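FYI, it's all coordinate maths here, none of it is from the lab. Every value quoted in this text rests on a predicted model; they were computed, and no experiment measured them. Positions of Cβ are backbone-derived with ideal geometry, glycine not excepted, and every protein chain shown enters the neighbour counts.
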Amino acid sequence: MTDRSALRADCASCAGLCCVVPAFSVSSDFAIDKPSGVPCPNLATDDFGCTIHSELPERGFPGCTVYDCFGAGQRVVQQHFGGRSWRTTPGIREEQFATFEVVERLHELLWYLEDAAGRRLPRDLRDELEGLRSAVERAASDASERDVVPLQLRADALFGEVSGAVRRGGRSWRGRDLAGRDLREEPLADADLRGALLLGADLRDVDLGRADLLGADPRGADLRGADLSRALFMTRLQLRAGRSDETTLLPDWAAR
Ligand code: SF4
């Protein structure tokens, strides 16, 4: 399976793509409106660093502190464009931006596939996972095929099967609005929390077991003392968005 280190952002090998390609809307995460494909005004002009990197939350850009491209940026710049950037080679601008949008989505799928691959699963499910992983990896390497929807649909169904096999019947809170709730006494171990809103929720000392966190939003959730070490489909973005400390039990990948 994919080495997860390849799914970690290496900004020094990128070209600030995450500061240019996405559109921003004024919100609690971003202080400005910015159309897609336009460099953020805080992007340095002599390199691809952020000129307010050390004060992002104070300047109204906390969303930038949790963002994760899953390593798509360096792959696009180095592998697909041989180290060239939209700034030094303006002719590749549109192509590079479009490729980033595709590869970012594919790398996110690879992240979940890698998680699934590390679980104890029936043989037929493992075979399906491996087949999908190969297809996603091929698409990320080529990226001339821009339609990632078929792969995402295939992945959605498969991740649902993986969740059922891994969680062994935990309670479903799928898509529930749990924002601001005190969840310390709730049975969340092995729960289905897919897509749940956990903004500001109190999860102190909660054992989440193998809870499915795919798409859950834990921004500002209190994760102190919580056991996240085996949580399914958790991402760095989710981990950074919650409030954890040295008492939070983290997944192995969080230490790397
Ligand atoms: S504020 Fe900094 S990190 Fe955020 S998009 Fe702008 S340049 Fe990038």
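Taking 142, 217, 227 in turn, the Gaussian network model of the chain (Cα-Cα springs below 10 Å) assigns the largest fluctuation to 142.
Springs join every pair of Cα atoms under 10 Å in this Gaussian network model of the chain, and among 76, 136, 149 the largest mean-square fluctuation is at 149.
Zone of residue 87 (label point 7 Å along Cα→Cβ, backbone N under 15 Å): which residues in the range 33-50? Under cut-off, by backbone N: 38-50. Which residue, 70, 135, 12, has the largest displacement toward the positive end of the dipole of the chain when charges sit on each Cβ (Lys, Arg +1; Asp, Glu -1)? Working it through, the farthest residue towards the positive pole turns out to be 135. Residues within the reach of a label modelled at residue 78 (point 7 angstrom out along Cα to beta-carbon, backbone nitrogen below 18 Å), restricted to the range 116-150, are 137-138, 140-143.
With contacts taken as Cα pairs under 8 Å at a separation of at least 6 residues, the chain carries a relative contact order of 13 percent. Exposure proxy for 53, 80, 107: other Cβ atoms within 10 Å of each Cβ, ordered fewest to most, give 53, 80, 107. Taking other C-beta atoms within 10 Å as the exposure proxy, 249, 214 rank 249, 214 from fewest upward. Site pair residue 177 and residue 147 shows an inter-label distance of 3.6 nm when each label is modelled 7 Å from Cα along Cα→Cβ.
Residues 13, 28, arranged from fewest to most other Cβ atoms within 10 angstrom of their Cβ, appear as 28, 13. Evaluated with a Cβ-only charge set (Lys, Arg +1; Asp, Glu -1), the chain carries a dipole of roughly 220 debye about its Cα centre, given to the nearest 20. Applying 1/(1 + (r/R0)^6) with R0 = 30 Å to the Cβ-Cβ distance of residue 65 and residue 130 gives a FRET efficiency near 0.30. Angle of helix 93-117 to the longest C-alpha principal axis of the chain, folded into 0 to 90 degrees and rounded to 10: 20°.
Using a Gaussian network model of the chain in which every pair of alpha carbons under 10 angstrom is joined by a spring, one finds that among 59, 146, 126 the greatest mean-square fluctuation is at 59.
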